[in-house]
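Participant: There's a structure below that I have some questions on.
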Amino acid sequence: MNTFTYKYPVTVYFGEKAAANNLPAELAKTGKNVLLAYGGGSVKKNGIYGELMELLTAAGKTVTEFSGIMSNPTYAKVQEGAKLAKENHIDFILAVGGGSVMDCCKVISAQAKTEEDLWELETVKHGGPTEFIPMGAVVTAFGTGAEMNNGAVITNEEKKVKGPLWGAFYNFAILDPAYTMSMPMGQVISGSFDALSHCMETYMGAPRETNLSDEINEACQRNIIRNLRATLKDPKDTAARSELVWAAAMGENGILKIGKVTDFQAHMLEHQLGAYTDCNHGKGLAVIHPVLYRHMLPEAAPQFARLAVNVWGVDPAGKTEEELALAFIDTLASFIREAGLPVTFSEMGIDRATDFKAVADSTVLTGGCCKKFTKEELLEVLNECL
Ligand code: NZQ
Ligand code: ZN
């Protein structure tokens, strides 16, 4: 086993009425000026905004609203939020939404505390922020697990890069599955696939021999597959939704990564596709995964074969490792179709004239992937996704 240190800073309040039961005590620990950050307005339609405003008012907070955080949040939006936070002497940020709102706020919390350009600081000077406005997250869309980590995926439109910036961890995350029941079904499915992808991308890293982190990971994958199937049958299945919300958080709370070097090559490729097309993250992954995995087959066969048997229930009797590995990719691909996820970029509405060479050329090649891809082969992958 690799050596590791495990410590986690995010307090999770999970379940029914998690906000009403826990926000008052958390808000009592923060300063008076709160930035209430959210997206395009779903929180106003589903009543979450009203509930949170009542709690904030009861706690005597002065609330500054920061709305309109878009899917695939931009660096310009981060700067807008940081300016607002500075002008209003914000003491605490309450991020209410999915991965996009949560990621945007992670960087706002750091950018509001420094005059340095954070993109420059992190990507050119290879430094990191040291001061942050404390934050809490109220999750309204599950999948990314963004509430559990301090990485933010931000699109720099000028540089045509969708990449990670490191911000703060949330002090706490409110995970009330009821808050996610109004998510559009398309987002429920793509969020679930994103969560499954995080598990797979962690699993595919080293060490590649059986280990405890991977065995827990297999259970998470089985859980996501089973509960997404239950949700497809009955979108109002609250038991299945609760499982999905926690499974998604498990994917990014560090437990599955203990002792592992992760892979995340599919994510790196999808992020750059996002930089060029602004596409939906989970859907992009659904198209890329099987195609990329066929390219990884020779190197990844032992792990794919294990996934076939332990996650997807393929009968190993009479099958070679290679046959099992192929069965895994085929089963994954048919699950993607079963879930109603896209299997080609055209189905996602991605323009064939997109500069896929630029996408491949700007994709980070990850050290944790068992296959050392070249930019040329990534371009082949993208072309096969069309
Ligand atoms: O903006 P509003 O009106 O709130 O609508 C949102 C948005 O349109 C809607 N929504 C959210 N909660 C809802 C709801 N609609 C109705 N009822 C609710 N309860 O859902 C839409 C999508 O939201 P968004 O936050 O964009 O989706 P997601 O959670 O999938 O986040 C995607 C972003 O997270 C990044 C992705 O790259 C992408 O930028 N990721 C972040 C990660 C991280 N920090 O760890 C890991 C991931 O791999 C991922 O890269
Ligand atoms: Zn993801």
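The values are calculated or read from the model by the stated rules, or taken from the named source; none is laboratory data. Keep in mind that what you see is a predicted model, and the values were worked out from it rather than measured. No Cβ is skipped: glycine too gets one built from the backbone with ideal geometry, and neighbour counts run over all protein chains shown.
Participant: For region 111-120, does any single residue satisfy the condition of being farther than 25 Å from G282 by Cα, crowded, with 24+ Cβ neighbours inside 10 Å and of a type in the set (S, T, Y)?
Facilitator: No: zero hits.
Participant: Further question: Among S213, S197, S190, which is the only one that is in a helix (DSSP H, G or I) and over 17 Å from the mean Cα position of the chain (by Cα)?
Facilitator: Result of the check over S213, S197, S190: S213.
Participant: Now for a separate question. Can you tell me which residue within region 155-199, out of those that are closer than 27 Å to A219 by Cβ and β-branched (V, I, T), is surrounded by the most Cβ atoms within 10 Å (Cβ to Cβ)?
Facilitator: I174
Participant: Where the second residue is surrounded by fewer than 22 Cβ atoms within 10 Å (Cβ to Cβ) and the first is among the aromatic types (F, W, Y) and lies in region 246-262, which pairs have Cβ atoms under 8 Å and are six or more apart or on separate chains?
Facilitator: Matching pairs, first to second residue: W246/F14.
Participant: A further question follows. Being more than 16 Å from ligand 2 (Cβ to nearest atom), surrounded by fewer than 17 Cβ atoms within 10 Å (Cβ to Cβ) and either acidic (D, E) or in contact (Cβ under 8 Å) with a residue 40 or more places away in the chain (or both) is true for just one of T57, T11, T74. Which residue is that?
Facilitator: T11
Participant: Would you say G163 is in contact with a helix residue (DSSP H, G or I) (Cβ under 7 Å, 6 or more places away or on another chain) and more than 8 Å from ligand 1 (Cβ to nearest atom)?
Facilitator: yes
Participant: Tell me which residues, restricted to region 84-103, are away from ligand 2 (no atom under 16 Å from the Cβ) and in contact (Cβ under 8 Å) with a residue 24 or more places away in the chain.
Facilitator: L84, A85, K86, N88, H89, I90, D91, F92, I93, L94, A95, V96
Participant: (1) away from ligand 2 (no atom under 16 Å from the Cβ); (2) under 21 Å from I288 (Cβ atoms); (3) not β-branched (V, I, T): which one isn't true of E215, the others all being true?
Facilitator: With respect to (1) away from ligand 2 (no atom under 16 Å from the Cβ); (2) under 21 Å from I288 (Cβ atoms); (3) not β-branched (V, I, T), E215 is out only on (2).
Participant: Return a yes/no flag: does region 22-38 have any residue that is under 23 Å from V188 (Cα atoms), surrounded by 16 or more Cβ atoms within 10 Å (Cβ to Cβ) and not assigned by TED's automatic domain parsing to the domain that holds S190.
Facilitator: Scanning region 22-38 turns up at least one residue that is under 23 Å from V188 (Cα atoms), surrounded by 16 or more Cβ atoms within 10 Å (Cβ to Cβ) and not assigned by TED's automatic domain parsing to the domain that holds S190.
Participant: Can you tell me how many residues in region 257-305 are small (G, A, S) and away from ligand 1 (no atom under 12 Å from the Cβ)?
Facilitator: So the answer is 5.
Participant: Tell me, which residue of region 249-278 that is closer than 25 Å to M1 by Cα and of a type in the set (D, E) is farthest from the chain's Cα centre (by Cα)?
Facilitator: D263
Participant: Just one of (1) closer than 30 Å to K45 by Cβ; (2) in contact with a Ser or Thr (Cβ under 8 Å, 6 or more places away or on another chain) trips up P184, so point out which.
Facilitator: (2)
Participant: Here's a follow-up. Give the residues of region 71-102 that are aliphatic (A, V, I, L, M), near ligand 1 (Cβ under 7 Å from one of its atoms) and in contact with a helix residue (DSSP H, G or I) (Cβ under 7 Å, 6 or more places away or on another chain), sorted by residue number.
Facilitator: M102
Participant: Condition first: away from ligand 2 (no atom under 11 Å from the Cβ) and in contact with a Phe, Trp or Tyr (Cβ under 8 Å, 6 or more places away or on another chain). Now tell me which residues in region 243-254 satisfy that.
Facilitator: The answer is L244, V245, W246, A249, N253, G254.
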